[in-house]
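What follows is a short report on a single structure.
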Amino acid sequence: DAGVTQSPTHLIKTRGQHVTLRCSPISGHKSVSWYQQVLGQGPQFIFQYYEKEERGRGNFPDRFSARQFPNYSSELNVNALLLGDSALYLCASSLAEWTGGTEAFFGQGTRLTVV
Amino acid sequence: DQQVKQNSPSLSVQEGRISILNCDYTNSMFDYFLWYKKYPAEGPTFLISISSIKDKNEDGRFTVFLNKSAKHLSLHIVPSQPGDSAVYFCAASANSNNDMRFGAGTRLTVKP
């Protein structure tokens, strides 16, 4: 069975541009979460979606948005990119509606570099 | 505001010995704790978890201990193997929300 897949694996963008990152969850998983991992830190929660509805949002500016599609895949969009947005973006999927109390399965991440 | 802290950025142990990784948290609402292992160029992989109603959970060579009064948990790996060399993240969540908080990670090196 395929795990969580993310695309692209690497991306270089210029300040001010927009970026879209994509995630396909494990088959049967309806919950998708997005995390940002800056070098030297642990992953930071950005969004969680379940059944196409936003169920959680971390402390990120409105430049960050996401959505979930009927097939449970998800997109993370970041507008007006800043140098500080350079990070590894991780997608995680899980079976449960609430991530609290269950394990999440992570993809390999998308490495975004903003120059 | 860092609610989950891993104060040791790195740990080095000899193969066959015990590895102990520590984690502290500040939010008393956390009721579920997880450990993830991360190899370079891969996403974090779930290792073991513990609910706040327990103080110990064991899975093969891995045991997690939870001390709620001290807001501290630890991961014991016995015996340590070179393949255990990775970055280990401690994470915590509250059942009432979807915000899983991670520590900064501890890089474990197991020497042959």
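The values are calculated or read from the model by the stated rules, or taken from the named source; none is laboratory data. What you are looking at is a predicted structure, and each value in this text was computed from that prediction instead of being measured. Backbone-built Cβ (ideal geometry, glycine too); neighbour counts: all protein chains shown. What goes into the accessible areas is simple: the full protein's heavy atoms, side chains included, and nothing from ligands, DNA or RNA. Shrake-Rupley method; radii C 1.70, N 1.55, O 1.52, S 1.80 Å.
Residue by residue, here is whether (1) closer than 24 Å to B:ALA92 by Cα; (2) within 14 Å of another protein chain (Cβ to nearest Cβ); (3) hydroxyl-bearing (Ser, Thr, Tyr) holds:
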| residue | (1), (2), (3) |
| --- | --- |
| A:THR20 | no, no, yes |
| A:LYS30 | yes, yes, no |
| A:LEU83 | no, no, no |
| A:THR102 | yes, yes, yes |
| A:LEU112 | no, no, no |
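Per-residue answers, yes or no, for (1) crowded, with 18+ Cβ neighbours inside 10 Å; (2) out of contact with any Asp or Glu (no Cβ under 9 Å at 6 or more places or on another chain); (3) hydrophobic (A, V, I, L, M, F, W, C):
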{"position": "B:ASN57", "(1), (2), (3)": "no, yes, no"}
{"position": "B:LYS68", "(1), (2), (3)": "no, no, no"}
{"position": "B:VAL78", "(1), (2), (3)": "no, yes, yes"}
{"position": "B:PHE89", "(1), (2), (3)": "yes, yes, yes"}
{"position": "B:GLY103", "(1), (2), (3)": "yes, no, no"}
{"position": "B:LYS111", "(1), (2), (3)": "no, no, no"}
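Being of a type in the set (Lys, Arg), touching a strand residue (DSSP E or B) at 6+ places or on another chain (Cβ under 9 Å) and under 23 Å from A:ASN59 (Cα atoms) narrows it down to one of B:ARG101, B:ARG107, so name that one.
Numbers: B:ARG107 fails: under 23 Å from A:ASN59 (Cα atoms).
Of B:ARG101, B:ARG107, the one residue that is of a type in the set (Lys, Arg), touching a strand residue (DSSP E or B) at 6+ places or on another chain (Cβ under 9 Å) and under 23 Å from A:ASN59 (Cα atoms) is B:ARG101.
Looking only at the range B:8-27, residues that are away from chain A (no Cβ under 12 Å), within 12 Å of the chain's Cα centre (by Cα) and closer than 15 Å to B:ARG101 by Cα come to 2 in all.
Scanning the range A:41-58 for residues being more than 7 Å from chain B (Cβ to nearest Cβ) and either assigned to a loop (DSSP other than H, G, I, E, B) or in contact with a helix residue (DSSP H, G or I) (Cβ under 7 Å, 6 or more places away or on another chain) (or both) gives a total of 2. Within the range A:89-113, being touching a Leu at 6+ places or on another chain (Cβ under 8 Å), open to solvent by 10 Å² or more (accessible area, probe 1.4 Å) and in a strand (DSSP E or B) holds for A:PHE106, A:ARG111, A:THR113. Residue check, A:THR5 against (1) over 23 Å from B:SER93 (Cα atoms); (2) touching a Cys at 6+ places or on another chain (Cβ under 9 Å); (3) open to solvent by less than 20 Å² (accessible area, probe 1.4 Å); (4) among the β-branched types (Val, Ile, Thr), all met but one. Which one? Checking A:THR5 against (1) over 23 Å from B:SER93 (Cα atoms); (2) touching a Cys at 6+ places or on another chain (Cβ under 9 Å); (3) open to solvent by less than 20 Å² (accessible area, probe 1.4 Å); (4) among the β-branched types (Val, Ile, Thr), the one that fails is (3).
Residues are listed down the side, and each one gets a yes or a no for (1) modelled with pLDDT of 95 or more; (2) among the aliphatic types (A, V, I, L, M); (3) within 14 Å of the chain's Cα centre (by Cα):
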| position | (1), (2), (3) |
| --- | --- |
| A:THR9 | yes, no, yes |
| A:ILE12 | yes, yes, no |
| A:PRO25 | yes, no, yes |
| A:SER33 | no, no, yes |
| A:GLN48 | no, no, yes |
| A:GLU53 | no, no, no |
| A:PHE69 | yes, no, yes |
| A:SER74 | yes, no, yes |
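Applying the selection to the range A:15-25, what residues are closer than 15 Å to A:ASP85 by Cβ and open to solvent by less than 70 Å² (accessible area, probe 1.4 Å)? Spell out the reasoning first.
Here is the first cut: in the range A:15-25, the residues closer than 15 Å to A:ASP85 by Cβ are A:15-21.
A:GLY16, A:VAL19, A:THR20, A:LEU21, listed by residue number.
List the number of the failed condition for A:PHE64; all other conditions in (1) closer than 14 Å to A:ALA87 by Cα; (2) more than 11 Å from chain B (Cβ to nearest Cβ); (3) open to solvent by 10 Å² or more (accessible area, probe 1.4 Å); (4) under 11 Å from the mean Cα position of the chain (by Cα) hold. The one condition A:PHE64 does not meet is (3).
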